[in-house]
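One structure coming up, written as structure tokens, with questions to follow.
The values are calculated or read from the model by the stated rules, or taken from the named source; none is laboratory data. These numbers were taken from a predicted model, which means no experiment stands behind them. Every residue, glycine among them, receives a Cβ derived from its backbone with ideal geometry; neighbour counts consider all protein chains shown.
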Amino acid sequence: MKETKYIFVTGGVTSSLGKGIISASLGKLLQARGYKVTNQKLDPYINIDPGTLNPYEHGECYVTVDGHEADLDLGHYERFLNVETSRVNNITTGRIYQNVINKERRGEFLGRTVQVIPHITDEIKRNIKQLGNTGNYDFVITEIGGTVGDIESLPYIESVRQLRWELGKNCLCIHLTYVPYVSAAKELKTKPTQHSVKLLQEEGVQPDVLVLRTEHPITPEARQKVALFCNVAPEAVIESIDVPSIYEVPVRMQAEGLDKIVLEKMDMSTDPVADMKDWEAFLNKMSNATQTVTIGLVGKYVSLPDAYISIIESLKHAAAYNERKLDLRLILSDNIKPENIEDTLAGLDGVVIAPGFGNRGIEGKITAIQYARENNIPCFGICMGMQCMVIEYARNVLGFSDANTTEIDSNTRHNVVDLMEEQKDVFNLGGSMRLGSYLCELQENWLAYKIYGKKIIKERHRHRFEFNNDYKDQFEKAGLQCSGVNPETGLVEIIEVPSRKWFLGVQFHPEYSSTVLKPHPLFVDFIKTSIK
Ligand code: GLN
């Protein structure tokens, strides 16, 4: 068996430089050379996983097929590489410590003092190598969250230092920094990069490659200076200039020679070059589109679009494949009232009703759904969005004016969305969330089946509440069809109103599995109908 190569991506100067995109882009380029690649993210926070984090703080919580609530960077990895990730691809300090402490309680340290070095670092290294040890990958690209110099990231950098010794040529470090432009001096400033590399060196790690994020082209002088001060060859100083779309980054990195320098440094052949034809075809579709499609995304986290990043990216993929530019309007559901709904949704070709938890903004979502249904505007409800579609139909078509989900009103007489009996006990224990991939059987005749073109599908979930099957017959008689059902449990996964142009809600999250080269069929069809 070939040995797995490990690449680490650290960040300096500031956060939000796009380590995830650079890591995913490098992964894509190596994959396009025929290698098997996986990307991993190490998050230095103490939470066990981001499932409990406020989307305002960390953006969307992504869900892997094996039901892990993960950092949103895993979404980028899947969208770029078109390869599924799992819980091993995202590790937090919380999980590292939890494993070490559990081991200590089991007496597995045989009376020794348990310390950050070697016990925590050993556990970090074990989690990194776990992916390589599967024998499935030529490259494991591990992104270290946070910024070099943070106290929290020290054990991770120390683990990288140790692995460099253990792995030799099979290990490489890329450091991503920021080069600000000081307009008063009309100059690019490399000092923050020098300092950040110095910090990394103090922690024992010499980067092999530097990627410089910048808003202006890096001059040859600046490149020379960085190379000289940071002990890096000038050709290993890579410019990463702002581009209009994250999907342009892989081809930019290819033009800058990032994959080539990585292979050279690891003593690997640089022929043949990465075949990015399919990717470029997607980019061309995206940039050649002249007409737009205007979509409203109704949700409660609109001031931070990262909270809906997978939905937004899925809409972008679908728009590109329909040869349209996406004009996305983020609409705060809290502000929607029957009095302003007409103005709020004016000019939209289609509406997406976002997922969510809790009370805030629910009535606004329901008002938007009613307007879309009555005016035959294509409407796509996701998770809580689908539940709101069910509530709206119950109130305004079935005539149950107090219909609700018991998440919002536990006393409603019409609990059209509720916890299932068997969940109620588990709910008290706190572990009731349905997470990860589940089967769904599509009922022939209806739209969902036509879109997927097959009977059995698998989609990822993240929710507690369910469509209440006690009302299924009443809904179906009144024109709302349950067109997708879990074949094992009978839980309703898709609803639609066939008398409308496109009025469909899904209990699962299709946005987690839309990728650049394989856009999700529901999004593609939703956009296609919206532009008609
Ligand atoms: N809050 C709803 C539930 O728990 C929907 C969750 C979601 O939209 N992800 O069922």
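For the list (1) more than 16 Å from the ligand (Cβ to nearest atom); (2) touching a Cys at 6+ places or on another chain (Cβ under 9 Å), I need the number of the one condition that Leu332 fails.
With (1) more than 16 Å from the ligand (Cβ to nearest atom); (2) touching a Cys at 6+ places or on another chain (Cβ under 9 Å) applied to Leu332, the lone miss is (2).
How many residues are under 26 Å from Val63 (Cβ atoms) and either more than 25 Å from the chain's Cα centre (by Cα) or in a helix (DSSP H, G or I) (or both) if we restrict to segment 102-134?
So the count comes out to 11.
Sort out which residues of segment 265-278 are at negative phi and either assigned to a loop (DSSP other than H, G, I, E, B) or surrounded by 17 or more Cβ atoms within 10 Å (Cβ to Cβ) (or both), and write them in order of number. Break it down stepwise before answering.
First, pick out the residues of segment 265-278 that are at negative phi: 265-266, 268-278.
Once the filter is applied, which keeps residues that are at negative phi and either assigned to a loop (DSSP other than H, G, I, E, B) or surrounded by 17 or more Cβ atoms within 10 Å (Cβ to Cβ) (or both), segment 265-278 yields Lys265, Met266, Met268, Ser269, Thr270, Asp271, Pro272, Val273, Ala274, Asp275, Met276.
If we scan segment 510-526, do we find a residue that is farther than 22 Å from Glu84 by Cβ, of a type outside the set (S, T, N, Q) and more than 16 Å from the ligand (Cβ to nearest atom)?
There is at least one residue in segment 510-526 that is farther than 22 Å from Glu84 by Cβ, of a type outside the set (S, T, N, Q) and more than 16 Å from the ligand (Cβ to nearest atom).
From the set of residues in segment 164-197 that are of a type in the set (D, E, K, R) and out of contact with any Cys (no Cβ under 8 Å at 6 or more places or on another chain), which is farthest from Glu221 (Cα to Cα)? Give the derivation first.
Restricting attention to segment 164-197, the residues satisfying the condition of being of a type in the set (D, E, K, R) are 164, 166, 169, 186-187, 189, 191.
Then keep just the ones that are out of contact with any Cys (no Cβ under 8 Å at 6 or more places or on another chain); that gives 166, 169, 186-187, 189, 191.
Values: Glu166: 36, Lys169: 30, Lys186: 14, Glu187: 11, Lys189: 11, Lys191: 13 Å.
Applying the filter and picking the extreme gives Glu166.
Which of the residues spanning segment 238-258 are out of contact with any Pro (no Cβ under 9 Å at 6 or more places or on another chain), acidic (Asp, Glu) and either under 22 Å from Asn322 (Cα atoms) or crowded, with 17+ Cβ neighbours inside 10 Å (or both)?
Correct list: Glu248, Glu256.
Considering only residues that are touching a Gly at 6+ places or on another chain (Cβ under 9 Å) and farther than 23 Å from Thr294 by Cβ, which ones fall in segment 385-408?
If the condition is that a residue be touching a Gly at 6+ places or on another chain (Cβ under 9 Å) and farther than 23 Å from Thr294 by Cβ, then Gln387, Val390, Tyr393, Val397, Glu407, Ile408 are the ones that fit.
Before we move on, is Ala403 modelled with pLDDT of 95 or more and surrounded by fewer than 19 Cβ atoms within 10 Å (Cβ to Cβ)?
Values: modelled with pLDDT of 95 or more: yes; surrounded by fewer than 19 Cβ atoms within 10 Å (Cβ to Cβ): no.
For Ala403, the condition - modelled with pLDDT of 95 or more and surrounded by fewer than 19 Cβ atoms within 10 Å (Cβ to Cβ) - is not met.
Something else now. For Val148, state whether it is within 23 Å of the chain's Cα centre (by Cα), within 18 Å of Leu176 (Cα to Cα) and either surrounded by 14 or more Cβ atoms within 10 Å (Cβ to Cβ) or without any contact (Cβ under 8 Å) to a residue 12 or more places away in the chain (or both).
For Val148, the condition - within 23 Å of the chain's Cα centre (by Cα), within 18 Å of Leu176 (Cα to Cα) and either surrounded by 14 or more Cβ atoms within 10 Å (Cβ to Cβ) or without any contact (Cβ under 8 Å) to a residue 12 or more places away in the chain (or both) - is not met.
A further question follows. Scan segment 362-403 residue by residue and report those that are more than 27 Å from Gly436 (Cβ to Cβ) and among the polar types (S, T, N, Q).
Within segment 362-403, Thr367, Gln370, Asn375, Asn376, Asn396, Ser401 qualify.
Being over 21 Å from the mean Cα position of the chain (by Cα) and in a loop (DSSP other than H, G, I, E, B) is the filter here; which residues of segment 228-247 pass it? So that I can check it myself, show each step before the final result.
Looking only at segment 228-247, we keep the residues that are over 21 Å from the mean Cα position of the chain (by Cα), and these are 228-241.
Of everything in segment 228-247, those that are over 21 Å from the mean Cα position of the chain (by Cα) and in a loop (DSSP other than H, G, I, E, B) turn out to be Asn231, Val232, Ala233.
Restricting to segment 457-473, count the residues that are under 15 Å from Met389 (Cβ atoms) and either more than 16 Å from the ligand (Cβ to nearest atom) or not in a strand (DSSP E or B) (or both). Don't jump to the end; show me each part of the working.
Looking only at segment 457-473, we keep the residues that are under 15 Å from Met389 (Cβ atoms), and these are 463, 465-468, 471-472.
If we keep only those that are either more than 16 Å from the ligand (Cβ to nearest atom) or not in a strand (DSSP E or B) (or both) too, we end up with 465, 468, 471-472.
Residues in segment 457-473 being under 15 Å from Met389 (Cβ atoms) and either more than 16 Å from the ligand (Cβ to nearest atom) or not in a strand (DSSP E or B) (or both): 4 in total.
Taking segment 446-456 as the search range and keeping residues that are in contact with a strand residue (DSSP E or B) (Cβ under 7 Å, 6 or more places away or on another chain) and either in a helix (DSSP H, G or I) or under 20 Å from Gly436 (Cα atoms) (or both), which one is nearest to the ligand (Cβ to nearest atom)?
Going through the qualifying residues, I end up with Ala448.
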